[in-house]
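For reference, the structure discussed in these notes is given below.
The values are calculated or read from the model by the stated rules, or taken from the named source; none is laboratory data. In this text the structure is predicted, and so the values were computed from the model without any measurement. Ideal geometry is used to build each Cβ from the backbone, glycine not excepted, and the neighbour counts take in all protein chains shown.
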């Protein structure tokens, strides 16, 4: 039994399994929230944070992978474990992309679940130990700005310079942690509205029944709980800029009202008959595909056309690694302890920096900022070495596979450009881990042994592919 209780979100449409998990997980010392489908799991994510997502792959409403995708925004630190009786090549590839912690194939034993939960609890304990030891880092005033001179970032800066002086609406696209709000602030700062308010609101963080009131305001007594008059954020941002982060989370009714505002400039508070005219530039951001949402009926097409005057696509950190030294220096300068550390050579040793350069950075700049803070806290004498980095930079998780699969993969690694028919010697009763391995071998075969192209096809970084191939080769050597 684990000594450190975890908060677990379990979702599966099998009632007997729901009851079993509710009893057994609690007996292991954890707290568990049980959901019967994917949509209710996503709703649970909106209400609280979890340490573990234990999810069936195929559920009504939303699949396990869709729940994990939603958690990337709402609960990015949760460890995802897929529980499924359907092993498929497609789900294995999707699992690689979604950074799943582990797979458990039905029917699985409670001991297997307990083992996975104990590993997650141990990792959480180590992370908490570092966190508890952290002294307070004294921050200093540093300009918050988009940093980077890579080709991708130069294009972003050039686009911002062109569109900032206009009053056009802008949509900023990019993964979580890429700096969408910083880009919006830069558009505002370079516009004629720079001296006026910049108001930022995360649409996904507001309860659905309060979003309209937050944006448009309300009259006292207009609904239950409206004990006083409220000025909406559109009025607060008058003559300035309103930044709507995660605009895809707006309910359909509020989308309609926002469209009317964008076309007329009129703001009508809830419960009032008269309107006010406000001059507000609206900048939107999202990590969701709004065109797909339009096609599926989740986002108004006319609103999409209205807000998408200009698009700014922020590249993920893994696609602009040449900016890494400048970003690290800038993030270090945010703390008093970083004073005097003016170059990457002052901050990290070559060995530590190489580990950073090879990392995939799923959390982008936000994750990099945490790594820099981690190193500043642990290091007494600079430059900091690899020991100052979080554990995920130093560990390679083992991926257990059948002996036949390991042998086939080792052969694929050694001779991936040879006849592919000799590489697929997988035994029956494959696990999802075997299928993940099969996906890698197949991608290598289709791309003639070109690992860069295979990684691109799989949707993973080249470094991640090399790590997986090294793991498989090591395991093949051990088993002969």
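Listed here are the residues, each with its yes/no results for (1) surrounded by 15 or more Cβ atoms within 10 Å (Cβ to Cβ); (2) touching a helix residue (DSSP H, G or I) at 6+ places or on another chain (Cβ under 8 Å); (3) modelled with pLDDT of 50 or more; (4) not assigned by TED's automatic domain parsing to the domain that holds residue 120.
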| position | (1), (2), (3), (4) |
| --- | --- |
| 384 | yes, yes, yes, yes |
| 387 | no, yes, yes, yes |
| 412 | yes, yes, no, yes |
| 428 | no, no, no, yes |
| 439 | yes, yes, yes, yes |
| 466 | no, yes, yes, yes |
Filtered residues of region 1-44 (kept if farther than 24 Å from residue 204 by Cβ, in contact with a strand residue (DSSP E or B) (Cβ under 8 Å, 6 or more places away or on another chain) and assigned to a helix (DSSP H, G or I)): 18, 21, 22, 25, 26
Please tell me if residue 177 is buried (at least 17 other Cβ atoms within 10 Å of the Cβ), in contact with a strand residue (DSSP E or B) (Cβ under 6 Å, 6 or more places away or on another chain) and at positive phi. no
As an exercise: evaluate residue 346 against (1) surrounded by fewer than 17 Cβ atoms within 10 Å (Cβ to Cβ); (2) at pLDDT below 90 and give the number of the one condition it does not meet. (2)
Within the bounds of region 196-208, is there any residue that is surrounded by fewer than 19 Cβ atoms within 10 Å (Cβ to Cβ), within 22 Å of residue 330 (Cβ to Cβ) and assigned by TED's automatic domain parsing to the domain that holds residue 276? yes
Members of region 263-294 that are over 18 Å from residue 242 (Cβ atoms), part of a helix (DSSP H, G or I) and either in the same structural domain as residue 69 (by TED's automatic domain parsing) or out of contact with any helix residue (DSSP H, G or I) (no Cβ under 9 Å at 6 or more places or on another chain) (or both): 292
Selected residue (criterion: nearest to the chain's Cα centre (by Cα)) from residues of region 45-68 that are outside any loop (DSSP other than H, G, I, E, B) and closer than 11 Å to residue 80 by Cβ: 68
Could you tell me whether region 226-238 includes any residue that is touching a residue at least 60 places away in the same chain (Cβ under 8 Å), assigned by TED's automatic domain parsing to the domain that holds residue 206 and surrounded by fewer than 19 Cβ atoms within 10 Å (Cβ to Cβ)? no
Every residue from region 310-324 that is part of a strand (DSSP E or B) and either within 18 Å of the chain's Cα centre (by Cα) or closer than 15 Å to residue 367 by Cα (or both): 313
Quick one: which residue in 79, 124, 86 is buried (at least 17 other Cβ atoms within 10 Å of the Cβ) and modelled with pLDDT under 85? 124
Could you list all residues from region 336-382 that are out of contact with any helix residue (DSSP H, G or I) (no Cβ under 6 Å at 6 or more places or on another chain), more than 23 Å from residue 319 (Cα to Cα) and touching a residue at least 60 places away in the same chain (Cβ under 8 Å)? 336, 339, 374, 377
Long-range neighbours under 8 Å by Cβ, at least six apart or interchain, first residue within 14 Å of residue 362 (Cα to Cα) within region 452-466, second modelled with pLDDT of 80 or more and outside any helix (DSSP H, G or I): 460/360; 461/360; 463/359; 463/360; 464/360
Does region 2-27 hold any residues that are at pLDDT below 90 and touching a helix residue (DSSP H, G or I) at 6+ places or on another chain (Cβ under 7 Å), and which are they? 2, 4
Please specify each residue of region 263-281 satisfying the condition of being farther than 16 Å from residue 217 by Cβ and surrounded by 13 or more Cβ atoms within 10 Å (Cβ to Cβ). 281
